[in-house]
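Everything below concerns the one structure shown next.
The values are calculated or read from the model by the stated rules, or taken from the named source; none is laboratory data. The structure presented is a predicted model; accordingly, all values stated were derived computationally and were not measured. Heads up, the Cβs are rebuilt from the backbone with ideal geometry, glycines too, and the neighbour counts pull from every protein chain shown.
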Amino acid sequence: MRTFEASPTASTAASATPASPLVALEHVCFRYGGEQVLHEVNLEVQIGDFLGIIGPNGAGKTTLLRIMLGLARSECGHVRLFGQDVRAFRDWHQIGYVPQKAVAFEARFPASVFEVVLSGRTGVAGLARRFSAADREAALGALETVGMAEYRDRLIGRLSSGQQQRVFIARALASQPALLVLDEPTVGVDVEAQEQFYGLLRRLNRERGTTLVLVSHDVGVIAAEVTRLACLNRTLVFHGSPEEAIRTGAIARMYRDDSLLVTHRH
Ligand code: ADP
């Protein structure tokens, strides 16, 4: 599971029919031991969506992403990716995933920026095969997309956390996925890097048509950037447009903090 460069839209959504959503969660539920973490979650991600998932700590956001990506199994209902049951789904190179705390390399970690991004091509190249010129081109293209090509020979651990974050996104983009899933990607990243990051997501979504699912704490920014918003608190308390979430008070009710709602669209 990793990521891209070229035109990752409907045409690359391998097994999805034009009408089927890239992700469909129906009646999803999950427990850790006796603790019910998710209950009756129904959620769809359509081609071209930029879905933001927000919710308080412990709301089940990461668990929901893990279920979406087949890393955890829902105890009820169905999970479908690109129109296929998640248990039968094999086209993982169609999905890029940037997990939480991906930014954590030590200064002397022995891999260059380019090598890290190239490793994102394994799902396309296959574990047993050498990387081809096309793999290298895709990796470089992904580095260019995130504005990090000039750092290609630098050791990954020598970059700032904001730069490392962009390299991880490039790694996820190297397999040219139709769907990019990011979990709290701006934690520990400074404000300037955050602005660049949201600019990058905007371009990926609006200009390249990459479908995005983003879990974040930046409620104000999220509401300004996404096309669809899901408010999760163990169950889905809202799913719709960010404007509607603000107008109906859905976000405020979840956090009980109106100060978060000052947003503007770019
Ligand atoms: P969020 O991403 O919204 O903060 P999580 O999905 O990480 O929420 O966690 C939801 C709940 O499940 C929390 O109460 C958390 O403590 C619990 N939890 C998460 N992972 C585990 C685990 N591996 N074992 C037991 N409980 C867990």
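Does Val79 count as part of a strand (DSSP E or B) and either within 16 Å of the ligand (Cβ to nearest atom) or of a type in the set (Val, Ile, Thr) (or both)? Don't jump to the end; show me each part of the working.
Numbers: part of a strand (DSSP E or B): yes; either within 16 Å of the ligand (Cβ to nearest atom) or of a type in the set (Val, Ile, Thr) (or both): yes.
Yes; evaluated as a whole, the condition is true for this residue.
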Worksheet item: Does any residue in segment 57-69 that is within 10 Å of Asp183 (Cβ to Cβ) and modelled with pLDDT of 95 or more come within less than 6 Å, Cβ to Cβ, of a residue that is of a type in the set (Asp, Glu) and more than 6 Å from the ligand (Cβ to nearest atom) six or more places away or on a different chain, and which pairs are these?
Response: Leu65/Asp183
Worksheet item: Filtering segment 44-56 down to residues that are at pLDDT 95 or above and part of a loop (DSSP other than H, G, I, E, B), which residue is nearest to the ligand (Cβ to nearest atom)?
Response: Asp49
Practice prompt. Could you please find all residues in segment 37-53 being under 13 Å from the mean Cα position of the chain (by Cα) and buried (at least 21 other Cβ atoms within 10 Å of the Cβ)?
Written response: Val45, Phe50, Leu51, Gly52, Ile53
Worksheet item: Any idea which of (1) surrounded by fewer than 19 Cβ atoms within 10 Å (Cβ to Cβ); (2) of a type in the set (Val, Ile, Thr); (3) closer than 20 Å to Thr186 by Cα; (4) within 15 Å of the ligand (Cβ to nearest atom) is the one Ile222 doesn't satisfy?
Response: (1)
Discussion item. Yes or no: segment 115-127 includes at least one residue that is at pLDDT below 95, assigned to a loop (DSSP other than H, G, I, E, B) and not small (Gly, Ala, Ser).
Written reply: yes
Fill in: Subset of segment 1-31 that is at pLDDT 95 or above and farther than 30 Å from Gly141 by Cβ - its residue that is surrounded by the most Cβ atoms within 10 Å (Cβ to Cβ)
Val28
